[in-house]
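One structure below.
Here, each number is a calculation from the coordinates, and none is a lab measurement. Here the structure is a predicted model, which is why all the values come from computation and not from measurement. Using ideal geometry, Cβ is built from the backbone for each residue, glycine included, and neighbour counts are taken over all protein chains shown.
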Amino acid sequence: MQAAIDQAVTLRGVGRLYGRGDGQVTALRDVHCSFIRGTCTAVMGPSGSGKSTLLQCAAGLDRPSFGQVMIGNTDISSLSENELTKLRREQIGFIFQSFNLMPSLNARKNVALPMRLAGHRPSRVQVDQVLQQVGLGDRGKHRPSEMSGGQQQRVAIARALISQPDVLFADEPTGALDTNTSREVLQLLRSLVDNAGQTVVMVTHDPVAAAWADRVIFLTDGALYGELLNPTVESVSEQMARLGD
Ligand SMILES: Nc1ncnc2c1ncn2[C@@H]1O[C@H](COP(=O)(O)OP(=O)(O)OP(=O)(O)O)[C@@H](O)[C@H]1O
């Protein structure tokens, strides 16, 4: 008998409306999809197609207007704000295009911050281990302004990993980086999937970044358009050209 596929996140009939009346925008419409544990999925589509909205609904940062989001076996649509905050802290990692590090804190303190805000104090060993995991074992005392963009994004990844999240969501993680530093960050995300069994879901505009994923899903006008397995730069670019990007 075939083993059940282990889904880290499942969206069932998810829709998201913004505003009311004549000004109402449908950012997502009836999206059904799931993200398999231990895989990397890229989310692509033209500007305004709903990629960030999908990511935010899947990560529990935004609440869908309709439908259900499951993180593992938990239906997050049914959680109270406090329960959702706890689940986000413990099970979700989120990385932003602009790193969102605290400029006055060194790398160690930035990594420890979310746990400290949640009332825990991670040990120095824990923090250094996660910095080592992202290749910054020797940069713990450096502030963001003393690091390159790629290093800052790796600190942000370490900060997301400190709580050992089930899923790592990334919104344009290489959008602010040059080609070489983008590759470093993508290599790191790929190695987290391959060597640590991490689940990664990332929004990107870049076919080169998407080609690092196991699967690409495409959105148009808030709806799921299709997917590509084992994507290449060429196959992703072709699909995006078809979508009119
Ligand atoms: N807070 C909001 N209020 C009103 N409309 C919104 C809001 N957030 C997003 N939208 C609209 O929802 C639609 C989807 O937006 P979203 O940011 O998810 O798209 P995207 O594919 O991530 O776009 P981009 O590639 O340009 O970042 C767009 O029409 C956008 O203008």
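Of note:
- Here the stretch 18-60 is treated as a sphere whose radius is the Kirkwood value from Cα pairs; by Stokes-Einstein at 10 °C and 1.306 mPa s it diffuses with a coefficient of 131 µm²/s.
- Here the sum of -39500 (n - 2.57) over DSSP H runs of 4 or more residues, divided by the residues of the chain, equals -10500 deg cm²/dmol at 222 nm, to the nearest 500.
- With each label modelled as a point 7 angstrom along the Cα→C-beta vector, the residue 118-residue 90 pair spans 0.8 nm.
- GNM flexibility winner over the chain from 42, 118, 210 (Cα, springs under 10 Å): 118
- Principal-axis analysis of the Cα atoms of the chain puts helix 107-117 at an angle of about 60° to the longest axis.
- Cut-off under 5 Å, modelled amide H: who pairs with residue 225 long-range: 218, 219, 220
- Considering only trypsin sites (Lys or Arg not before Pro) in DSSP loops that have at most 12 other Cβ atoms within 10 Å, the longest stretch of the chain without any of them is 21-140.
- Extent along the principal axes, Cα only, for the chain: 51, 49, 43 Å, with the longest axis given first.
- Within the shell of other residues whose beta carbon sits under 13 angstrom from the beta carbon of residue 183, the net charge comes to -1, with Lys and Arg scored +1 and Asp and Glu -1.
- The Cα-based radius of gyration and maximum Cα-Cα distance (Dmax) for the stretch 118-183 are 12.5, 38 Å.
- For the stretch 167-245, chymotrypsin sites (Phe, Trp or Tyr not before Pro) meeting the loop criterion (DSSP other than H, G, I, E, B) and having at most 12 other Cβ atoms within 10 Å: none.
- The angle between the Cα long axis of helix 149-161 and the main principal axis of the chain comes to about 80°, on a 0 to 90 degree scale.
- Full extension of the chain between residue 104 and residue 230 yields a length gain of 41.2 nm, computed as 0.36 nm times the residue separation minus the alpha carbon distance.
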